[in-house]
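The structure appears right after this line, and notes come after that.
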Amino acid sequence: EGILASVDALTDGDLGRALKRGDLTGKKEETLLLFPAEGKGPDRILVVGVGKDEEVNAEVLRRVFGRGVRVAEGMRLRSLSAWVETSFPLSEAEYAQAAAEGVVLAAWRFKELRTQEDPDKSEVDVLEFALISQGNEEETRRGLFIGLAQARGENLARTLQARPGNVATPTHLGEEAKRLGKEYGLEVRVMGPKEMEEEKMGALLAVAQGSNQEPRFIVLEHRGAEKDDPPLVLVGKGLTFDAGGISIKPAAAMDEMKYDMGGAAGVIGTMQAIGELQPPINVVAIVPTCENLPDGNANKPGDVVTSMSGQTIEILNPDAEGRLILCDALTYSERFKPKAVIDTATLTGACIVALGNHPCGLLSNDQPLADALLDAGQTSQDRAWQLPLWDEYQEQLKSNFADMANIGGREAGTIT
């Protein structure tokens, strides 16, 4: 019935015969490519399984549309179009948003540093996507607009992470922030070492002192509400390369430490999406960014530094550096009198030991905010799992020589 009946008619009953023979069962991401007769509709029709109707959600649709992109790439097709299917338990806007996200995310490939294509790969880039509405066109357009903005923001984050450490330096992140400011009317401030010294960001500067790359402290502001309306503050860890400092990491897979600015990339990508969507709220993004390398100026185990808050920190492990740059960023955020602060970071491998690669760890001193983030994670399938933040864990951070240490031992490493 519905669209499938139309497809069956266009293919002279091929779809019905495929279903009858069991060539197509409707399992998730199962595909069947059909070819209507010449001049009788599209040149090709791809039918993709979504599983059981009651289990269809935005994530299922994202994967279905991503599968469509993969088939198109393999056939060297640069465009695809789709109908809005209204029988699923989603609104037209939700359907359109999921479709846009699935296509744009699947079509992303990082190849800006390649000088030649792989001759063994025949794929082309999918550049065009059309969504055909059968009902409320305004709702479809709204969902498409939101989905495109969010997926483009995610793809910017992926691009920044994919760029190597000699390209995506702290200076480069600052330039990207300025570019977003010009394109979307965001207020941007990029501080260098001198301004950071004036702000007394001693913890951040301590991490940066082992590198020849200057650190940057980036602030982006979107003003969509009244000036006195408290903003949401987003903080993203920006270690553009983390060798571990004096506590140098093992050589195996150290190249992946260019991804230690994932929090910063996510926050910058979010600000691009906010710039496109122009929501009626105030948002401030803060990105402390530097490298953590071992040279004669690098901080040493046992060094004591003073953070922007005036508290002293004993650096027992220079490879536990993310918390050092973030503490100054969190102190800086207080001047905005925010309604909430969300800090995102590739902070510690202890989180993967605890939770695996599927969820991220979430810690909060405000349960309604934590619940909202957990719900958002379920909706987007970028899930989180809440860990406790009890006062007892503070005992592990006691130092004999400073207000606190920067590590608390192996137990509960994500929390401490």
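The values are calculated or read from the model by the stated rules, or taken from the named source; none is laboratory data. What you are looking at is a predicted structure, and each value in this text was computed from that prediction instead of being measured. Ideal geometry is used to build each Cβ from the backbone, glycine not excepted, and the neighbour counts take in all protein chains shown. Surface accessibility is based on the protein's heavy atoms, side chains included, excluding ligands, DNA and RNA. Shrake-Rupley method; radii C 1.70, N 1.55, O 1.52, S 1.80 Å.
Quick look at the values:
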item	result
Pair list, Cβ < 7 Å and 6+ apart or interchain, from the range 97-118 residues that are without any contact (Cβ under 8 Å) to a residue 60 or more places away in the chain to residues that are among the polar types (S, T, N, Q)	E101/Q150; V104/N155; L105/N155; W108/N155; F110/T159
Residues satisfying the stated conditions in the range 211-239, i.e. in a loop (DSSP other than H, G, I, E, B) and closer than 22 Å to D319 by Cβ	S211, N212, Q213, E214, P215, K237
Filter pass, R323 being over 17 Å from the mean Cα position of the chain (by Cα) and without any contact (Cβ under 8 Å) to a residue 12 or more places away in the chain	no
Pick from the range 147-171, criterion open to solvent by 40 Å² or more (accessible area, probe 1.4 Å) and part of a helix (DSSP H, G or I), ranking: nearest to P215 (Cα to Cα)	T171
Given (1) more than 22 Å from Q311 (Cα to Cα); (2) of a type outside the set (A, V, I, L, M, F, W, C); (3) modelled with pLDDT of 95 or more, number of the condition N357 does not satisfy	(3)
Any helices (runs of 4 or more DSSP H) falling wholly within the range 1-93 and containing at least 2 residues that are at pLDDT 90 or above, of a type in the set (D, E, K, R) and over 30 Å from Q378 (Cα atoms)	14-21
In the range 363-416, residue modelled with the lowest pLDDT [restricted to those that are surrounded by fewer than 16 Cβ atoms within 10 Å (Cβ to Cβ) and at positive phi]	Q381
From the options G245, G269, G262, residue that is at pLDDT 95 or above and assigned to a loop (DSSP other than H, G, I, E, B)	G245
Test set (1) surrounded by fewer than 19 Cβ atoms within 10 Å (Cβ to Cβ); (2) farther than 30 Å from E94 by Cβ; (3) touching a Phe, Trp or Tyr at 6+ places or on another chain (Cβ under 9 Å) - Y332 fails condition number	(1)
Those residues of the range 172-210 which are in contact with a helix residue (DSSP H, G or I) (Cβ under 8 Å, 6 or more places away or on another chain), touching a residue at least 60 places away in the same chain (Cβ under 8 Å) and outside any helix (DSSP H, G or I), in sequence order	G185, L186, E199, M201
Matching option when the condition is touching a Gly at 6+ places or on another chain (Cβ under 8 Å) and surrounded by 17 or more Cβ atoms within 10 Å (Cβ to Cβ), among T240, T140	T240
Criterion violated by K249 - all others in (1) of a type in the set (K, R); (2) buried (at least 18 other Cβ atoms within 10 Å of the Cβ); (3) farther than 25 Å from S309 by Cα satisfied	(2)
Pair list, Cβ under 7 Å, 6 or more apart: the range 389-416 residue more than 18 Å from K300 (Cα to Cα), other residue of a type in the set (F, W, Y)	A412/Y393; I415/Y393; T416/Y393
Filter result for E276 (surrounded by fewer than 24 Cβ atoms within 10 Å (Cβ to Cβ), at pLDDT 95 or above and under 17 Å from D328 (Cβ atoms))	no
Residue within the range 116-124 that is over 22 Å from the mean Cα position of the chain (by Cα), surrounded by 15 or more Cβ atoms within 10 Å (Cβ to Cβ) and part of a loop (DSSP other than H, G, I, E, B) present	yes
Complete set of residues in the range 40-71 that are farther than 25 Å from I146 by Cα and either open to solvent by 80 Å² or more (accessible area, probe 1.4 Å) or of a type in the set (S, T, Y) (or both)	D43, R44, K52
Out of L77, L105, L113, sole residue that is open to solvent by 80 Å² or more (accessible area, probe 1.4 Å) and aliphatic (A, V, I, L, M)	L113
Qualifying position, being closer than 15 Å to A243 by Cα and among the small types (G, A, S), among G262, G302, G296	G296
Subset of the range 383-400 that is among the hydrophobic types (A, V, I, L, M, F, W, C) and assigned to a loop (DSSP other than H, G, I, E, B) - its residue that is nearest to the chain's Cα centre (by Cα)	L387
Test: V207 is under 19 Å from the mean Cα position of the chain (by Cα), under 18 Å from C327 (Cβ atoms) and not basic (K, R)	no
